[in-house]
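For reference, the structure is listed below as structure tokens.
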Amino acid sequence: MHKREFLRTLGGASLGVMFSPALLARYAAMPAQEVAEDEAFWAAIRGKYRLTPDYINLENGYYSMQSEPVLDAFVGHVRSINVQASRYMRTRQTDDKLRVRTRLAKLAGVSPEELIITRNTTESLDTVIAGYDWKPGDEAVMAFQDYGAMLDMFKLQARRHGVVNRVVSVPVDPRSDDEVVQTYANAITPKTRLLMVCHLVNITGHVLPVRAIADMAHSRGVDVMVDGAHAFAQMSFAIPDLGCDYYGASLHKWLGAPLGAGILYVKQDKIAKLWPIYADEGMAETDIRKLNHTGTHPVHTDLGIENAIDFHESIGIARKEARLRFLQQHWTKQVRGVPKIVLNTPADPKRTCAIANVGIEGMKPADLAKTLLDRYKVWTVAIDSTPANVHGVRVTPQLFTTPAELDVFAKALKEIAA
Ligand SMILES: Cc1ncc(COP(=O)(O)O)c(C=O)c1O
């Protein structure tokens, strides 16, 4: 499908094609919070996904399926590049990637010169961690609730360069931002160089006060790297508002891009000091593309990102965020306070969005996940981490999830707990 054609019709997914002019005008005038609860609107969006009837998918956090229009466009890119082969690679690849980078930069609110397209959050953040000129005794701060791959990457720096890692534990349901900020502040010493913090903790759904943490760390001379795997394209923000130095995210989660797409943001004045993992002598020290020499890779994925942005923008981030928070609240409200049901997610809606985690006293998370699937056909993922203090199943609805599906899940939880 030609790009112009996709943009005109979004494969039948642009709101102009989905709704009558009268309905369209009504939605345009409606605040996002109200659209969030308008089931007719979301039923039309749900219609753009091909869902399995075999189970209710509440595990959309690992990666989220592409909508049908995005998938169709992506398959078109695969076919088209297969025909053009090296001619595409030699004549168009670079320009196309730069164009997609510019669109992503706009979405992130940063300059294109501060952004690269990567394969995923792991590659983005590990590029930063490995890019530091670590000296023995240098310190880094992170949390037990961070993602395992990055924690492992810091452990590798400890073994290789003698870096000292200070690991904090984020409270599950803090009374204030200050409580969280103080948790990180307590781990900083004069030797701390880098602090890693999750924008949204993947195992609990906790949205952390990143700006306040970054300001505190900067006042102590510490760089801040944010793991935005789950926040980007789920919540409305611009990266500069967070005040961080580095930001990594995956696009195959909440943007609904093809598998294997991510971004890395590096603040302009931090680029020069990072060592690339793969050398590229053709790039200046101050050009972020020096961190982006991947060799030959699936370029059709990069093209699919643009279609995913079109689909995402046709819905709008404000509506998306409001709907996802509404869905999470819809089921957590039904079970919070029920005997034996433990929510491992803050109660304050401002500290959450789509994701939440729930456990049942006396039941192993793996058994809970199995019972939910075998008996109720609800697909979740068990999280059982003693260091992170999280024991439950992670529940991640998506734009196509219905409140009725979440009612099935909430009822199942109550039955199991009883
Ligand atoms: C918080 C967090 N960081 C990083 C990652 C890694 O993402 P990816 O596998 O796309 O690199 C994940 C994946 O779920 C995550 O939840």
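Summarise the long-distance tail of P(r) for the stretch 247-286 by giving the % of C-alpha pairs beyond 14 Å.
59
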Checklist outcome for this item: Diffing the stretch 247-264: the Karplus 3J(HN,Hα) column from phi (6.51, -1.76, 1.60, θ = phi - 60°), in whole Hz with x for Gly and Pro, holds 9, x, 8, 9, 9, 7, 8, 8, 7, x, 7, x, 4, x, 9, x, 10, 10
Checklist entry - Dipole of the chain (Lys/Arg Cβ +1, Asp/Glu Cβ -1, origin at the Cα centre): which of 341, 389, 49 lies farthest to the positive side? => result 49
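How big is the dipole moment of the stretch 13-66 about its Cα centre under a simple scheme where the beta carbon of each Lys and Arg is +1, that of each Asp and Glu is -1, and everything else is neutral? Debye, nearest 20, please. Display every interim value, and only then the final one.
Numbers: 4 positive and 6 negative charges, 54 e Å.
So the dipole magnitude of the stretch 13-66 works out to roughly 260 debye.
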Next on the checklist: Full-extension gain between residue 72 and residue 415, please, as 0.36 nm times their residue separation minus the C-alpha to C-alpha distance.
Outcome noted: 119.4 nm
Checklist entry - Along the stretch 266-281, what does the Karplus equation 6.51 cos²θ - 1.76 cosθ + 1.60 (θ = phi - 60°) give for ³J(HN,Hα), rounded to whole Hz, x for Gly and Pro? => result 10, 4, 3, 7, 9, 5, 4, 7, 7, 7, x, 7, 10, 5, 8, 5
Checklist entry - Once you charge only the Cβ atoms, +1 for Lys and Arg and -1 for Asp and Glu, what is the size of the charge dipole of the stretch 97-172 about its Cα centre, to the nearest 20 debye? => result 340
Checklist outcome for this item: One can check that the equivalent ellipsoid of the stretch 101-157, built from the alpha-carbon gyration tensor with semi-axes equal to the square roots of five times its eigenvalues, has lengths in Å, largest first, of 26, 14, 10
Checklist entry - Amide H neighbours of residue 138 under 5 Å, counting only residues 5+ apart in sequence or on other chains, H built in-plane at 1.01 Å? => result 164
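If you rank 319, 50, 92 by how much accessible surface each has, with a 1.4 Å probe, what is the order from largest down?
Working: 319 45, 50 175, 92 110 Å².
Highest to lowest solvent-accessible surface, that is 50, 92, 319.
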Checklist entry - Along the charge dipole of the stretch 84-185, which of 84, 125, 154 sits closest to the positive end, that is, farthest toward it, with unit charges on the beta carbon of Lys, Arg, Asp and Glu (+1, +1, -1, -1)? => result 84
Item to check | Rg and Dmax [Cα atoms of the stretch 62-153; Å; Rg one decimal, Dmax integer] | outcome: 18.0, 53
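Once a ≥ b ≥ c are taken as the square roots of the eigenvalues of the Cα gyration tensor of the chain, is the result rounded (a/c under 1.5), prolate (a/b larger than b/c) or oblate (a/b not larger than b/c)?
Values: a/c = 1.76, a/b = 1.05, b/c = 1.67.
In terms of gyration-tensor shape, oblate.
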Checklist outcome for this item: Taking a straight Cα-to-Cα line shorter than 27 Å from residue 290, and setting aside same-chain lysines fewer than 8 residues away, one finds 97, 106, 135, 155, 253, 267, 270, 273
Checklist entry - Around residue 381, which amide H atoms from residues at least 5 apart in sequence, or from another chain, sit under 5 Å from its own amide H, with H modelled in the peptide plane? => result 394
Item to check | residue 244 - accessible surface, heavy atoms, 1.4 Å probe, Å² rounded to 10 | outcome: 10
Item to check | Whether the stretch 208-295 is rounded, prolate or oblate, judged on the alpha carbon gyration tensor where a/c under 1.5 counts as rounded | outcome: oblate
Item to check | Estimated D of the stretch 135-236 in µm² per second, where Rh is the Kirkwood radius over Cα pairs and Stokes-Einstein applies at 4 °C, 1.567 mPa s | outcome: 94
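Under unit Cβ charges (Lys, Arg +1; Asp, Glu -1), what dipole magnitude, rounded to 20 debye, does the chain have relative to its Cα centre? Show your work: numbers first, answer last.
Details: 49 positive and 47 negative charges, 95 e Å.
Using only the charged Cβ atoms, the result is roughly 460 debye.
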Checklist entry - For the chain, what is the mean residue ellipticity at 222 nm derived from helices alone (per DSSP H run of n ≥ 4: -39500 (n - 2.57); sum divided by total residues; nearest 500 deg cm²/dmol)? => result -13000 deg cm²/dmol
Item to check | All lysines inside 22 Å of residue 364 as judged from Cα atoms, apart from same-chain residues fewer than 8 positions distant | outcome: 340, 377, 411, 414
Item to check | ³J(HN,Hα), Karplus 6.51/-1.76/1.60, whole Hz, each residue of the stretch 395-402, x for Gly, Pro | outcome: 10, 10, x, 10, 4, 8, 6, 9
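Which percent of the accessible area of the chain is formed by carbon and sulfur heavy atoms (probe 1.4 angstrom)? If you can, show how the numbers build up before the last one.
On the way: 9710 of 18130 Å².
Carbon and sulfur: 54 percent of the exposed surface of the chain.
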Item to check | With eigenvalues of the C-alpha gyration tensor scaled by 5 and rooted, the stretch 298-394, Å | outcome: 31, 18, 13
Checklist outcome for this item: With T = 20 °C, eta = 1.002 mPa s and Kirkwood Rh from C-alpha pairs, the Stokes-Einstein D of the stretch 329-368 in µm²/s is about 197
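Relative contact order for the chain: what percent, with Cα pairs under 8 Å and sequence separation of 6 or more? Walk me through the intermediate numbers first.
On the way: 775 pairs, mean separation 88.7, N = 418.
Worked out over the chain, it gives 21 percent.
Once the piece of chain linking residue 54 and residue 30 is laid out straight, how much longer is it, given 0.36 nm per residue of separation minus the C-alpha distance between them? Show your work: numbers first, answer last.
Working: separation 24, 0.36 × 24 = 8.64 nm, distance 3.48 nm.
Answer, rounded to one decimal: 5.2 nm.
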Checklist entry - Just the accessible area per residue of the chain, please: how many Å² with a 1.4 Å probe? => result 43
Checklist outcome for this item: Rounded to the nearest 10 Å², the 1.4 Å probe accessible area of residue 384 is 100
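Specify whether the C-alpha gyration tensor of the stretch 343-403 places it in the rounded, prolate or oblate class, a ≥ b ≥ c being the square roots of the eigenvalues: rounded for a/c under 1.5, otherwise prolate if a/b is larger than b/c and oblate if not.
Details: a/c = 2.25, a/b = 1.07, b/c = 2.09.
Oblate is the answer for the stretch 343-403, as a/c is 1.5 or above yet b/c matches or exceeds a/b.
The values are calculated or read from the model by the stated rules, or taken from the named source; none is laboratory data. Computed from a predicted model, the values in this text were never measured in an experiment. Cβ sites come from the backbone with ideal geometry, for glycine too, and all protein chains shown count toward neighbours. When the accessible area is computed, the model is the full protein with side chains, heavy atoms only, and any ligands, DNA or RNA have been set aside. Shrake-Rupley method; radii C 1.70, N 1.55, O 1.52, S 1.80 Å.
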